[in-house]
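Take a look at the structure set out below.
The values are calculated or read from the model by the stated rules, or taken from the named source; none is laboratory data. The structure presented is a predicted model; accordingly, all values stated were derived computationally and were not measured. Heads up, the Cβs are rebuilt from the backbone with ideal geometry, glycines too, and the neighbour counts pull from every protein chain shown.
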Amino acid sequence: MAEAVSWDETTNSARAVKQVVSPGQILEGVLLFQAVVENWENISNFQARPDDILIVTYPKAGTTWMQEIVDMILNDGDVEIRMRAPIHVRVPFLEWPPLMNEESGINMLSKMASPRVIKTHLSFHLMPKSFWEQNCKLIYVARNPKDSMVSYYHFDRMNLLKTAPESWEGYFQDFMQGNVTFGSWYDHVREFWEARKKHRMLYLFYEDMKEDPKREILKVMKFLEKELPDDVVDKIIHHTSFQMMKDNPMANYSSFPETIFKQSISSFMRKGVVGDWKKHFTVAQNEAFDEHYGAKMARTSLRFRMEI
Ligand code: A3P
C-alpha cells in the first residue's frame, strides 16, 4: 500500500510527488500512476453500496461537467448546496492515491453518506467487482478522440504531477498507441460500449451534451429516476454551462494549488468546444489519425462525431 506523501509547499515537493505518480506502471495492459498501482489492493477491493452512482470516463471527456450535473440533479438544482465543497470532494475520484494533503479517494468515500457519486477513469476490466455485484448505476461519458487528445495534451502541460509532453507530435503518437495515463482511448470507450447492455449503464457523448444539454440532462434525470420541474432543469443547464463552471471556484479546480495544476499554463476549464482539434492537427496528422482510427474502430458499432 502506498504511504501518504506529505505535501510541503515550502520545499516545493511537487517533484518528489511526481516520482510516485509518474512515469507510471502498466497494470493489465493499462498505464496507471505508480501510486495507483501501489494502492491497487485497496482499489480493487473497494466495497460498493447498491445506491452508489458511478461517473466513468476516459480522461478529458467532460467528467467534471457530468459530476456537476449529477450533483445538481441529486440536490434538486440547489445552487447553494453545490457550493459546499470543490467538485473533487463532492464527487471523489476513486483511484486518487493518498498524495499531498489530500485524502485518498477511498478514504473520502468510506466516510461519505449515501448516495455516493463516484468518479473513476478505470478501464472496464479494472473496475472493482463490487460495483457489478451491487448492480450500481453507471454513467459513461465518451468524447471524440481528437478533442480528447488535444484536451489531454494541454492538461498534461499544466498538471505538474506528470512529466510535461515534450512535443505535440510526440503526444499525438503516444495517445494513438495508448501510451498515456489510463491507457488506450480506443480500449476504454469500446470496452464500456460493449458492456453497456449487461449493466445498468447510461452511455453518453460529450458532443451530444454540447449540441443539446437539456436533452442529455433529461436522460441523466430519467436514468437516476429523478423528476424536477422545468425551471429547475433550466437552472441546472445554466449553472453547468462552460462559462458558469469556469467562473465557479467549486468547479474549476482553482482550489488546487498552482504547484499542482498550474493554470497559468493552461486552464482546467480550457475551451469546452467540439472541433478544437482542427487548430492542432496538421493535415498529415489528420490523415494518419483517420487511418489508424478506421482500423481500430472497424469492428464496433460505436461512432463518434469529430464536429457538430
Ligand atoms: P477542453 O480542454 O477541450 O476545454 P474532464 O473533466 O474529463 O477532465 O474534461 C475536461 C474537459 O471538459 C475540458 O475540455 C473542459 O473545458 C471541458 N468542460 C468542462 N466543463 C465543461 C462544460 N460545462 N461545458 C463544456 N465543456 C466542459
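Here are the numbers for this structure:
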{"quantity": "Yes/no for Gln67 being more than 25 Å from Arg270 (Cβ to Cβ) and of a type in the set (S, T, N, Q)", "calculated": "no"}
{"quantity": "Flag if Ser184 is more than 16 Å from the ligand (Cβ to nearest atom), out of contact with any helix residue (DSSP H, G or I) (no Cβ under 7 Å at 6 or more places or on another chain) and within 21 Å of Ile53 (Cα to Cα)", "calculated": "no"}
{"quantity": "Total residues in region 248-262, condition at pLDDT 95 or above and away from the ligand (no atom under 12 Å from the Cβ)", "calculated": "2"}
{"quantity": "Any hit, region 107-125, residues being crowded, with 19+ Cβ neighbours inside 10 Å, under 19 Å from Met66 (Cβ atoms), out of contact with any helix residue (DSSP H, G or I) (no Cβ under 9 Å at 6 or more places or on another chain) and modelled with pLDDT of 95 or more", "calculated": "yes"}
{"quantity": "Entirely in region 226-308, the helices (runs of 4 or more DSSP H) that have 2 or more residues that are farther than 29 Å from Met72 by Cβ", "calculated": "283-296"}
{"quantity": "Of the criteria (1) within 15 Å of the ligand (Cβ to nearest atom); (2) within 22 Å of Arg116 (Cα to Cα); (3) in contact with an Asp or Glu (Cβ under 7 Å, 6 or more places away or on another chain), which one Leu228 fails", "calculated": "(1)"}
{"quantity": "Pick from region 263-298, criterion small (Gly, Ala, Ser) and within 16 Å of the ligand (Cβ to nearest atom), ranking: nearest to Met176 (Cα to Cα)", "calculated": "Gly275"}
{"quantity": "In region 132-150, the residues that are within 16 Å of the ligand (Cβ to nearest atom) and touching an Asp or Glu at 6+ places or on another chain (Cβ under 8 Å)", "calculated": "Arg143, Asn144, Asp147, Val150"}
{"quantity": "Residue in region 37-55 that is modelled with pLDDT under 95, touching a strand residue (DSSP E or B) at 6+ places or on another chain (Cβ under 9 Å) and over 20 Å from Glu191 (Cβ atoms) present", "calculated": "yes"}
{"quantity": "Residues located in region 216-241, provided they are without any contact (Cβ under 8 Å) to a residue 40 or more places away in the chain and not small (Gly, Ala, Ser)", "calculated": "Glu216, Leu218, Lys219, Lys222, Glu225, Glu227, Pro229, Asp230, Asp231, Asp234, Ile237, His238"}
{"quantity": "Wholly enclosed helices (runs of 4 or more DSSP H) of region 78-155 bearing at least 2 residues in contact with a strand residue (DSSP E or B) (Cβ under 8 Å, 6 or more places away or on another chain) and more than 30 Å from Trp168 (Cβ to Cβ)", "calculated": "105-110"}
{"quantity": "In region 190-212, residue surrounded by the fewest Cβ atoms within 10 Å (Cβ to Cβ) [restricted to those that are within 13 Å of the ligand (Cβ to nearest atom) and part of a helix (DSSP H, G or I)]", "calculated": "Glu211"}
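Residue-by-condition table, conditions (1) without any contact (Cβ under 8 Å) to a residue 12 or more places away in the chain; (2) within 16 Å of the ligand (Cβ to nearest atom); (3) under 22 Å from Ala164 (Cβ atoms); (4) hydroxyl-bearing (Ser, Thr, Tyr):
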| site | (1), (2), (3), (4) |
| --- | --- |
| Gln25 | no, no, yes, no |
| Ala35 | no, no, yes, no |
| Ile43 | no, no, no, no |
| Pro50 | no, no, no, no |
| Ile53 | no, no, no, no |
| Thr57 | no, yes, no, yes |
| Met66 | no, yes, no, no |
